[in-house]
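Data first, discussion second: the structure below is written as structure tokens.
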């Protein structure tokens, strides 16, 4: 009889331990699933305006985009390729040019200058270089402004030549954005 009581007690203790173990395993699985769900939060790449805003070297460009009311446009679906002048590029302009362009009465001219730096479509550096090489060393693109820019290679760097013969060199290529790509340039190019 003692043996039967002992076996019954052992069975009950085993059943209780097994059920506790199952509960613990279920809790562990739930906790692991929650951790995986939290870890799988995908960090989305910002759009062109967001990327430019996060980089201090583009603060003049960002201010100009705001003054021209182009934030919504450049935050749109795109895709866009932006040849983005750095602050140093804007500093090369004659004294007072940036200040003059940022005035409300210069909005149309500022919009023309900024959209002259934008091409519809996403063209990463490799595609730009292939297009230049496939077209006898020069490739002409039409900007969102409607003007043309000629792209070429000089010393392995992509160079933009504007409608007035002014040039700018790409200094940083392929800055990814959710709605396109940014190539930083060292001078401001100007439409006619």
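The values are calculated or read from the model by the stated rules, or taken from the named source; none is laboratory data. Bear in mind the structure is a predicted one, so any value in this text is a computation, not a measurement. Every residue, glycine among them, receives a Cβ derived from its backbone with ideal geometry; neighbour counts consider all protein chains shown.
For residue 92, state whether it is farther than 24 Å from residue 55 by Cβ and either surrounded by fewer than 19 Cβ atoms within 10 Å (Cβ to Cβ) or touching a helix residue (DSSP H, G or I) at 6+ places or on another chain (Cβ under 9 Å) (or both). Outline the logic, then answer.
Values: farther than 24 Å from residue 55 by Cβ: no; either surrounded by fewer than 19 Cβ atoms within 10 Å (Cβ to Cβ) or touching a helix residue (DSSP H, G or I) at 6+ places or on another chain (Cβ under 9 Å) (or both): yes.
No: the conditions fail for residue 92.
The residues of region 108-141 that are part of a strand (DSSP E or B) and touching a helix residue (DSSP H, G or I) at 6+ places or on another chain (Cβ under 8 Å), listed by number, are 118, 138, 139.
From the list 105, 77, pick out the single residue that is farther than 21 Å from residue 186 by Cα and assigned to a loop (DSSP other than H, G, I, E, B).
Details: 105 fails: assigned to a loop (DSSP other than H, G, I, E, B).
It is 77.
Those residues that are touching a strand residue (DSSP E or B) at 6+ places or on another chain (Cβ under 7 Å), more than 13 Å from residue 183 (Cβ to Cβ) and at pLDDT 95 or above, I need them from region 58-101; list them, please. Walk me through it before giving the result.
So in region 58-101, the residues touching a strand residue (DSSP E or B) at 6+ places or on another chain (Cβ under 7 Å) come out as 58, 61, 74, 78-86, 89.
With the extra rule that they be more than 13 Å from residue 183 (Cβ to Cβ), the set shrinks to 74, 78-79.
Scanning region 58-101 gives a single hit, 79.
The lone criterion from (1) surrounded by 14 or more Cβ atoms within 10 Å (Cβ to Cβ); (2) over 16 Å from residue 192 (Cβ atoms); (3) under 24 Å from the mean Cα position of the chain (by Cα) left unmet by residue 116 is number (2).
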